Amino acid sequence: MSDVLTGIEQPADEEAARGAPRGSGAVRFLLGKLGSALLSLALVVVLGFLLFRMIPGDPVVTMTRGRPVSPEQLAELRERLGVDKPMWQQFVDYIGGLLRGDLGTSYLFQRPVADLLTERLGPTLLLVGTATLLAIVLGLWFGIRSAWRRNSRFDKVSTGTALTLWSMPQFWLGLLLLIAFAGVFPSGGMRYSDTPPDVFSQTLDVAYHLVLPCLTLTAAVYAQYLLVMRSSLLEEMNAEYLTTARAKGLRDDLVRRRHAVPNALLPTVTLVFLQFGMVLNGAVAVETVYSWPGLGLLTYEALSGPDLPVLQGAFLVLAAAVILMNVLADLLYRVLDPRVRAT
Amino acid sequence: MTENPGTDGAVLLELRELSVRYRAARDELPAVRGVNLRLGAGETLGLAGESGCGKSTLAMSVLRLLPRSARVDGQVLLDGEDVAAMRWGRLRAVRWASASVVFQGAMHALNPVRKVYDQIAEPILLHDSDQRPDEPPAVRHRVHELLDQVELPAGKAEAFPHELSGGQKQRVMIAMALACDPRLVIADEPTTALDVIVQAQVLELMSRLVAEHHIGLIMISHDLSVLASTCQHIAVMYDGEIVERAPSEQLMRAPQHAHSKALAAAFPTIGDPASRFAPATSNPLPEQPSERPVGEPVLRTEELRVSFRARGGRTVRAVDGVDLEVGENEIVALVGQSGSGKTTLARTLLGLQRAESGRVLFRGTPLPTSTSGLRDYRRQVQLVLQDPTSALNPRHSVYEAVAEGPRIHGLTTDEIGRVTRALEAAELRPAERFMSALPHELSGGQKQRVVIAGALALEPAVLVADEPVASLDASVRGEILALLLRLRIELGLSALVITHDLGLAWNIADRVAVMYRGELVEVGTVEDVLLDPRHEYTRSLLAAVPGGTHRAEPANGLRH
């Protein structure tokens, strides 16, 4: 009897399908993701171009506001900026410049936009990177413990705090902290002008200036991570494999660390990366409040113009960052979840 | 297996006046009431009962794995030591080393993101102080040995759970349970989610390993025949109490308690004339007219083929040249194990899946391809799904659920009358009592009746039912089958019932079609196919039925 049965249990072709080489699948997956990321980026370029052309207001008029100018001078300025050409011509020029790494010239700063963006990217990376890392560590740590001891006092306090911070407008929280810590921490900028030029003093000075902006951004962002981690761990709390783990005699913290958290991380990772746009959003507010010389502040300054080339460039960089984060999320998910690897 | 279990005198597990209550919103719900139980070393005991009778709670209380809301009274003595009095450290040491568990859904009981090797090795590293973590070769050897015992190749150690079939997962679970050489294994519905042939293999494997290692076994199931094929004794639980305990053969042959009788009757013995066209039901069935009109085929397929594009561009043919007929006033059972293409065939019959070639004919006309044509067609051919809980929208009342179909088809006149008639035809009487109920207020059997009423509201000519009783309790199973049979007798409703359960076919079907790898290997009357199978696959399906057919010895083939 058993001979007949074993012959039937597992259809052989199903086995063969699973034995397909994983390597080629991974490469195809990567290429597919990169391809769709590039497509998104191309759409962002087009959208950015159109969007900033639709903003009401003549840039030439804005630039010359308050100064006596003759119509001839206005026409000359128009020609220099290229805004007198038809839309399609402007677009072709824009794309051509983009391919050469030329993002145009800022109306306000009278400097190449590419230079401005590169200069301001560093401070923003420092601020957003530090705050995001801190927020992830804090959010996951508190989220995991809140879920594990659901409805305990710890859970209520940590979730309550997180919700309060989350619901505060970031600029308002920034201003509050600014007032509260006036005198303790610097109120703006990234470094004092009189700091000695050696690396050590400079680093310390930047770190000193970083404290408040970073705190504000972290406070605003970690709450989301906490809530997401908490709810995805709660989803896993009744999973049967946790009963298996307990039945094996594992300590409670091992059940959590080895079995529950790796599974709960899956939705969390996706959301953490998808929320990156929100972090950038927060960065604009925080950089403005603390005059942190990053892309956010640059964007804010450019808005007052409006300095269209700068806005367009900043839009491109920020959108590219969000797209990049999405690709990273997909890749990381593949590492974390073997089930995704199989498809 | 020894003739007289427990001859070595050692008591492995003893429950004394065990009661478990769950704290609910206001009051306490008793789950287990004053159970006394003894299990000797190497003894095997089956625990039978329907869902909610407390059998799983009882089993989980042995290792104190109950949720926090549970209050336990009485004693659980494992090797003479009271589990309730153990400190956490001692309890953790006892868990898995003295007693381990094979959980019901191996699919969910294994951690989806960890490799099989890690999951089997985990308790070994935890409990075996000789195996320090820096000695992986010894652990690896042990894991491979365990996989070999459950007849899996060593290579499966590197697999993730989703890469294994249901049977393989359950084998991994068993290997895991044996990892620390426990003296007691608790198996909670170990084969419920598996199909017949895999179930037979897993049961055989468990019986062999338990006997070889002289392990005490408590196996929980709602299916008496499964227990009878594996365990020496069976205890029947009802409403938190053990109502009967007897040697398996005796309990199967002459159950004493009314509830044991009901459980025994729920799964018919194939070949037993008493259960032919007589599912276990409390309402008597109407007389069968002695002469049945031989009707035209209502639903017919001609050389039907359906393929899917699999990963890597290969084509998998799920349905391969099927000719099937469902006649007027006839119930046809389509049987086969999971993956045989039964459900694909059903979907194609309903026009939910496009056929690659061949035709589906309804009363001689091919299946329409236009949207409106398909809609009219589906009014005639209705689908009943396996799990009523997921088939019903939890926020729609019974009335809404039943009235939805007629509304889609524009049958708006006398909606209340139509819904009432459908509910009453599905034996939800009086219909008014059920109309405003929400699904969660109904029992499993009532929910399935609502699903059937939803189909009946359109006054269809054919019902296609996909495993209509697989997710229901034993006592409800008979009632739903009786309903299908009654609908056939009273309304002349034809039905195609898809099932892996040959007993169902014996209970209600006129003809059986056996499907294997996309092909119909055998079609004929129930008596011809099930009592005199011609195809080897039909024979192996029949051999896998626990308890066997009428002429076979119970548990034949499971004892060597």
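Can we say B:GLY295 is in a loop (DSSP other than H, G, I, E, B), closer than 25 Å to B:ILE498 by Cα and among the small types (Gly, Ala, Ser)?
Numbers: in a loop (DSSP other than H, G, I, E, B): yes; closer than 25 Å to B:ILE498 by Cα: yes; among the small types (Gly, Ala, Ser): yes.
So B:GLY295 fits the description; yes.
Which of (1) at pLDDT 90 or above; (2) among the aliphatic types (A, V, I, L, M); (3) closer than 30 Å to B:GLU467 by Cβ does B:LEU184 not meet, given it meets every other one?
Failed condition: (3).
Would you please name the residue that is nearest to A:LEU212 (Cα to Cα), looking only at residues in segment A:165-178 that are touching a residue at least 40 places away in the same chain (Cβ under 8 Å) and open to solvent by 40 Å² or more (accessible area, probe 1.4 Å)? Reasoning before the result, please.
Taking segment A:165-178 first, the residues touching a residue at least 40 places away in the same chain (Cβ under 8 Å) are A:165-166, A:168-171, A:173-175, A:178.
Next cut, open to solvent by 40 Å² or more (accessible area, probe 1.4 Å) only: A:166, A:168-171, A:175.
Working: A:TRP166: 17, A:MET168: 16, A:PRO169: 16, A:GLN170: 12, A:PHE171: 12, A:LEU175: 10 Å.
It comes out as A:LEU175.
Which condition does B:ALA355 not pass, out of (1) over 17 Å from B:LEU383 (Cα atoms); (2) open to solvent by less than 30 Å² (accessible area, probe 1.4 Å); (3) more than 14 Å from chain A (Cβ to nearest Cβ); (4) among the aliphatic types (A, V, I, L, M), if it passes all the others?
(2)
Select from segment B:94-114 the residues that are more than 8 Å from chain A (Cβ to nearest Cβ) and closer than 15 Å to B:HIS162 by Cα and write down the one among them that is modelled with the lowest pLDDT.
Once the filter is applied, the top-ranked residue is B:ALA106.
Could you give every pair whose Cβ atoms fall below 9 Å, whose first residue belongs to segment B:172-187 and is open to solvent by 10 Å² or more (accessible area, probe 1.4 Å), and whose second residue is of a type in the set (Asp, Glu), counting only separations of at least 6 or pairs across chains?
Partner pairs satisfying both residue conditions: B:CYS180/B:ASP128; B:ARG183/B:ASP79.
Kindly indicate whether A:THR105 is at pLDDT 75 or above and more than 14 Å from every other protein chain (Cβ to nearest Cβ). Before you say what the answer is, go through the steps one by one.
Values: at pLDDT 75 or above: yes; more than 14 Å from every other protein chain (Cβ to nearest Cβ): yes.
Considered against the rule, which asks whether it is at pLDDT 75 or above and more than 14 Å from every other protein chain (Cβ to nearest Cβ), A:THR105 comes out as yes.
Using the structure shown, decide if A:GLY313 is at positive phi and in contact with a helix residue (DSSP H, G or I) (Cβ under 6 Å, 6 or more places away or on another chain). Talk me through it step by step, then tell me what you get.
Values: at positive phi: no; in contact with a helix residue (DSSP H, G or I) (Cβ under 6 Å, 6 or more places away or on another chain): yes.
Spelling it out, it is not the case that A:GLY313 is at positive phi and in contact with a helix residue (DSSP H, G or I) (Cβ under 6 Å, 6 or more places away or on another chain).
When you scan segment B:440-470, how many residues do you find that are in contact with a Gly (Cβ under 7 Å, 6 or more places away or on another chain) and not in a helix (DSSP H, G or I)? Working first, answer last.
Residues of segment B:440-470 in contact with a Gly (Cβ under 7 Å, 6 or more places away or on another chain): B:454, B:457-458.
Cutting the leftovers down to not in a helix (DSSP H, G or I) gives us B:457-458.
Total meeting the criteria: 2.
Answer yes or no as to whether B:ARG64 is open to solvent by 30 Å² or more (accessible area, probe 1.4 Å) and at pLDDT 85 or above.
On the way: open to solvent by 30 Å² or more (accessible area, probe 1.4 Å): yes; at pLDDT 85 or above: yes.
It is true that B:ARG64 is open to solvent by 30 Å² or more (accessible area, probe 1.4 Å) and at pLDDT 85 or above.
What do you reckon, is A:LEU204 open to solvent by less than 30 Å² (accessible area, probe 1.4 Å), assigned to a helix (DSSP H, G or I) and among the hydrophobic types (A, V, I, L, M, F, W, C)?
no
Just one of the numbered conditions (1) at pLDDT 90 or above; (2) under 23 Å from B:LEU178 (Cβ atoms) is not true of B:VAL72; which one?
(2)
What's the total number of residues in segment A:231-253 that are buried (at least 16 other Cβ atoms within 10 Å of the Cβ) and within 12 Å of chain B (Cβ to nearest Cβ)?
Within segment A:231-253, residues that are buried (at least 16 other Cβ atoms within 10 Å of the Cβ) and within 12 Å of chain B (Cβ to nearest Cβ) number 13.
Restricting the search to segment B:38-61, which residues are within 14 Å of chain A (Cβ to nearest Cβ) and under 27 Å from B:MET252 (Cα atoms)?
From segment B:38-61, those within 14 Å of chain A (Cβ to nearest Cβ) are B:56-57, B:59-61; that's our starting set.
Those that are within 14 Å of chain A (Cβ to nearest Cβ) and under 27 Å from B:MET252 (Cα atoms): B:SER56, B:THR57, B:ALA59, B:MET60.
Is it the case that A:SER291 is at pLDDT 90 or above and either open to solvent by 30 Å² or more (accessible area, probe 1.4 Å) or away from every other protein chain (no Cβ under 13 Å) (or both)?
Working: at pLDDT 90 or above: yes; either open to solvent by 30 Å² or more (accessible area, probe 1.4 Å) or away from every other protein chain (no Cβ under 13 Å) (or both): yes.
Judged against the criteria, A:SER291 is a match.
Hey, A:ASP155 hits all of (1) under 13 Å from A:THR218 (Cα atoms); (2) open to solvent by less than 80 Å² (accessible area, probe 1.4 Å) but one; which does it fall short on?
Every listed condition holds for A:ASP155 apart from (1).
Could you run through segment A:307-343 and say how many residues are under 24 Å from A:ASP58 (Cα atoms), open to solvent by less than 40 Å² (accessible area, probe 1.4 Å) and either within 14 Å of another protein chain (Cβ to nearest Cβ) or in a helix (DSSP H, G or I) (or both)? Quick ask: steps written out before the conclusion?
Within segment A:307-343, the first condition is being under 24 Å from A:ASP58 (Cα atoms), and the residues that meet it are A:307-316.
Going one step further and asking which of them are open to solvent by less than 40 Å² (accessible area, probe 1.4 Å), we end up with A:307-314, A:316.
Okay, now just the ones that are also either within 14 Å of another protein chain (Cβ to nearest Cβ) or in a helix (DSSP H, G or I) (or both), so A:308-314, A:316.
Residues in segment A:307-343 being under 24 Å from A:ASP58 (Cα atoms), open to solvent by less than 40 Å² (accessible area, probe 1.4 Å) and either within 14 Å of another protein chain (Cβ to nearest Cβ) or in a helix (DSSP H, G or I) (or both): 8 in total.
From the list B:ALA159, B:ALA138, which one is modelled with pLDDT of 90 or more and hydrophobic (A, V, I, L, M, F, W, C)? Steps first, please.
Values: B:ALA138 fails: modelled with pLDDT of 90 or more.
Going through B:ALA159, B:ALA138 in turn, the sole match is B:ALA159.
Please go through segment A:261-274 and give me each residue that is within 15 Å of B:LEU110 (Cα to Cα), within 9 Å of another protein chain (Cβ to nearest Cβ) and either surrounded by fewer than 21 Cβ atoms within 10 Å (Cβ to Cβ) or aliphatic (A, V, I, L, M) (or both), ordered by number.
Correct list: A:PRO262 only.
The values are calculated or read from the model by the stated rules, or taken from the named source; none is laboratory data. Being a predicted model, the structure only gives us computed values, none of them experimental. Reconstructed Cβ throughout: ideal geometry from the backbone, glycine too, with neighbour counts over all protein chains shown. Surface areas here come from the heavy atoms of the whole protein model, side chains and all, with no ligands, DNA or RNA. Shrake-Rupley method; radii C 1.70, N 1.55, O 1.52, S 1.80 Å.
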